[in-house]
Ligand code: ATP
Ligand code: MG
């Protein structure tokens, strides 16, 4: 037998009904974005490798271990995008839309990281990302958080995720704190794991983010960056807290929240969901005021976040996607019924009610067609058999209610819509 080809490890097909939930969840969240005045940007999946090296930082998990990088036929080094912020900033500088008027943007699609696949961690995953440019104050940080909280409500997450916030301060404040942190960590150098040791001088803040249980005590007792903030960042952070409190958004301050990428400054935040185990962060973001200059643009303040859609979806209850999205299943017995049925189905679909009408294809006995009607989750079956074709009628059967069937003339669309819309 020929060997079957499987999908790549960590890269998954999304099948119905999961794909239905994914689409309706995306739609809900995109509608919220529209309400807040955000516009979509679509970016290529491939970028020059240099973009991610320069934006994310050389000493980060993504750049050190996780990128899908290869040479194309011209010998250029390309990388499948591991995240969206860098591409969005690249596009902003390239098209000059960062300057003049502020921007509120979003994108949604696949991202790629060569990680060890496990629950909540895949090699191709999906993010809905939001980026804002040109807003300096904490009001936009608050808006991003309020907007994400609004999304959790609108998609009916069964439990409220927990919000953690922190401030990373200005790059100068971080530099000074870095030295303080290094001299603290050096006291425990023999207790640090291999990764932490290698980052002690190149990226010591990342050590605070380590999940290694053996290092938690050292991390818990480390001096807090919050005690070393510059005045402007401290004001910004306290203003943000006021805005969140006024909006009745609960939060905890986590001084060890540093995020995995080098480009963050001032506000960072994460939404964490209980019940997801180790991969519990469903949404993460913050400010990155320095990134645009770092990538060769004129300075421009910026802030954003990204939601991991797979982790979000694993929180949604199954019942949510069993909602019948099909209004009518057309049971068609014989060639004449198939012709008449197709026409009637099209008339119903083109009417302003935006109905979903599934026609039976491939024939079959009345029994097998009724079985398919039931499986489709439709509320109604419209049956066209020999009698109905001769008499130009439709027999309406209620599939989900105890109710007598009805016979309605095919041309009486008003009566048919009344049945479908239950009026
Ligand atoms: P983690 O600490 O879980 O590795 P991260 O800091 O690498 O997350 P970000 O780069 O901030 O994650 O991405 C934002 C969100 O995208 C994460 O909070 C998570 O929900 C999701 N995400 C990141 N990597 C993956 C992955 N490999 N598989 C599935 N979802 C992911
Ligand atoms: Mg990661």
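The values are calculated or read from the model by the stated rules, or taken from the named source; none is laboratory data. Keep in mind that what you see is a predicted model, and the values were worked out from it rather than measured. In this analysis, Cβ positions are derived from the backbone assuming ideal geometry, glycine residues included, and neighbour counts consider all displayed protein chains.
So how many residues does segment 274-298 have that are in contact with a helix residue (DSSP H, G or I) (Cβ under 7 Å, 6 or more places away or on another chain), surrounded by 22 or more Cβ atoms within 10 Å (Cβ to Cβ) and closer than 20 Å to residue 251 by Cα?
The total comes to 4.
Check whether at least one residue in segment 36-55 is touching a helix residue (DSSP H, G or I) at 6+ places or on another chain (Cβ under 8 Å), within 16 Å of ligand 2 (Cβ to nearest atom) and in contact (Cβ under 8 Å) with a residue 12 or more places away in the chain, and report yes or no.
Looking for residues that are touching a helix residue (DSSP H, G or I) at 6+ places or on another chain (Cβ under 8 Å), within 16 Å of ligand 2 (Cβ to nearest atom) and in contact (Cβ under 8 Å) with a residue 12 or more places away in the chain, one finds at least one in segment 36-55, hence yes.
Can you find a residue in segment 161-172 that is more than 16 Å from ligand 1 (Cβ to nearest atom), within 22 Å of residue 244 (Cα to Cα) and within 23 Å of the chain's Cα centre (by Cα)?
no
State which residue is farthest from the chain's Cα centre (by Cα) when the search covers only segment 85-102 and only residues that are away from ligand 1 (no atom under 14 Å from the Cβ) and touching a residue at least 60 places away in the same chain (Cβ under 8 Å).
Here is the first cut: in segment 85-102, the ones away from ligand 1 (no atom under 14 Å from the Cβ) are 89-102.
Narrowing further to those that are touching a residue at least 60 places away in the same chain (Cβ under 8 Å): 89-90, 92-93, 98-99.
Numbers: 89: 19, 90: 21, 92: 21, 93: 25, 98: 24, 99: 27 Å.
Out of the qualifying residues, it is 99.
Are any residues in segment 94-136 over 26 Å from residue 32 (Cβ atoms), outside any strand (DSSP E or B) and within 16 Å of ligand 2 (Cβ to nearest atom), and if so, which ones?
Listed by number, the residues that qualify are 113, 114, 115, 116, 117, 119, 123.
Which residue out of 222, 173, 196 is crowded, with 17+ Cβ neighbours inside 10 Å and closer than 18 Å to residue 62 by Cα?
Criteria check complete, one pass: 196.
So, restricting to helices (runs of 4 or more DSSP H) that lie completely within segment 214-315, which ones have at least 3 residues that are more than 30 Å from residue 93 (Cα to Cα) and away from ligand 2 (no atom under 16 Å from the Cβ)?
The qualifying helices (runs of 4 or more DSSP H) are 216-220, 231-246.
Tell me, which residue of segment 59-79 that is within 16 Å of ligand 2 (Cβ to nearest atom) and in a loop (DSSP other than H, G, I, E, B) is modelled with the lowest pLDDT?
In this case the residue turns out to be 59.
Please state which of the following conditions residue 82 fails to meet, knowing it meets all the rest: (1) touching a residue at least 12 places away in the same chain (Cβ under 8 Å); (2) outside any loop (DSSP other than H, G, I, E, B); (3) under 29 Å from residue 194 (Cβ atoms).
Checking residue 82 against (1) touching a residue at least 12 places away in the same chain (Cβ under 8 Å); (2) outside any loop (DSSP other than H, G, I, E, B); (3) under 29 Å from residue 194 (Cβ atoms), the one that fails is (2).
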